[in-house]
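The values are calculated or read from the model by the stated rules, or taken from the named source; none is laboratory data. Because the structure is a prediction, the values reported are computed rather than measured. Cβ atoms come from the backbone with ideal geometry, glycine included; neighbour counts cover every protein chain shown. Heavy atoms of the whole protein, side chains included, go into the accessibility calculation; ligands, DNA and RNA do not. Shrake-Rupley method; radii C 1.70, N 1.55, O 1.52, S 1.80 Å.
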Amino acid sequence: SSDIANNISNFVVIDHHRKVAEFENEPLLSLIDPSASSASELMTGILEQCLPADSMYKEEANLLLAGIMVDTNNFTHTTGTKTFSAAMYLRGVGANSEIARTFFHEDFDSFLSEAKFNSNVTTYLDRIAITESSGNNPNFDRVAAAKAANKLLSVKGIDASFALVTIEDKIHI
């Protein structure tokens with residue numbers, strides 16, 4: 001978040017997304033590795049090298065594992081040997097994938113918001129899925145749109161997907 005980064009003096013950046021902009025304030029350390037599956041994978045690698053044995057709490061390990069799980073779609077997307085090595089380390093210090101999975105449970109309003117997208121899908125050129133919905137709750141609807149677009153990519157023959165949601169007077173894609 002540039003708003004946060006521009007208002008603090010000492011910070012580090014650890015991320016797996018390409019760097020697309022400069023910060024107004026330079027970070028103390030910048031580790032940006034687009035080949036990593038997630039920032040959680042990068043953090044796990046750092047912590048594995050720095051932390052004394054048995055000093056990571058199970059709750060911390062579960063959060064890091066959950067981060068890897070969400071960015072890899074449960075180890076099915078953009079994984080590599082470092083991803084599985086990080087997961088193995090986290091499992092060794094007490095992470096539990098079933099506990100980590102509970103972090104993704106959603107409430108009923110989120111479920112209904114996503115269901116609106118699933119019931120209104122059209123295809124373009126038989127390979128591009130497009131869905132839309134009118135939003136009622138900005139907190140749920142942008143996330144629901146992202147989930148719906150991601151889920152459409154699992155449909156056989158779909159190469160790209162777009163979810164459009166109208167929130168107030170703006171269309172978010």
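Annotations
- Only a single criterion out of (1) over 19 Å from the mean Cα position of the chain (by Cα); (2) small (Gly, Ala, Ser); (3) assigned to a helix (DSSP H, G or I) is not satisfied by Gly45, namely (1).
- Residues in region 145-168 that are in contact with a Leu (Cβ under 9 Å, 6 or more places away or on another chain), closer than 14 Å to Asn118 by Cβ and among the small types (Gly, Ala, Ser): Ala145, Ser161, Ala163.
- Unique match (being buried (at least 18 other Cβ atoms within 10 Å of the Cβ) and either outside any strand (DSSP E or B) or not aromatic (Phe, Trp, Tyr) (or both)) among Ser37, Ser30, Ser9: Ser37
- Picking from residues in region 40-51 that are open to solvent by less than 90 Å² (accessible area, probe 1.4 Å) and out of contact with any strand residue (DSSP E or B) (no Cβ under 9 Å at 6 or more places or on another chain), the one that is farthest from Thr78 (Cα to Cα) is Leu51.
- Of everything listed in (1) surrounded by fewer than 14 Cβ atoms within 10 Å (Cβ to Cβ); (2) out of contact with any Ser or Thr (no Cβ under 8 Å at 6 or more places or on another chain); (3) of a type outside the set (Lys, Arg); (4) over 30 Å from Asn136 (Cβ atoms), the single unmet condition for Ala21 is (2).
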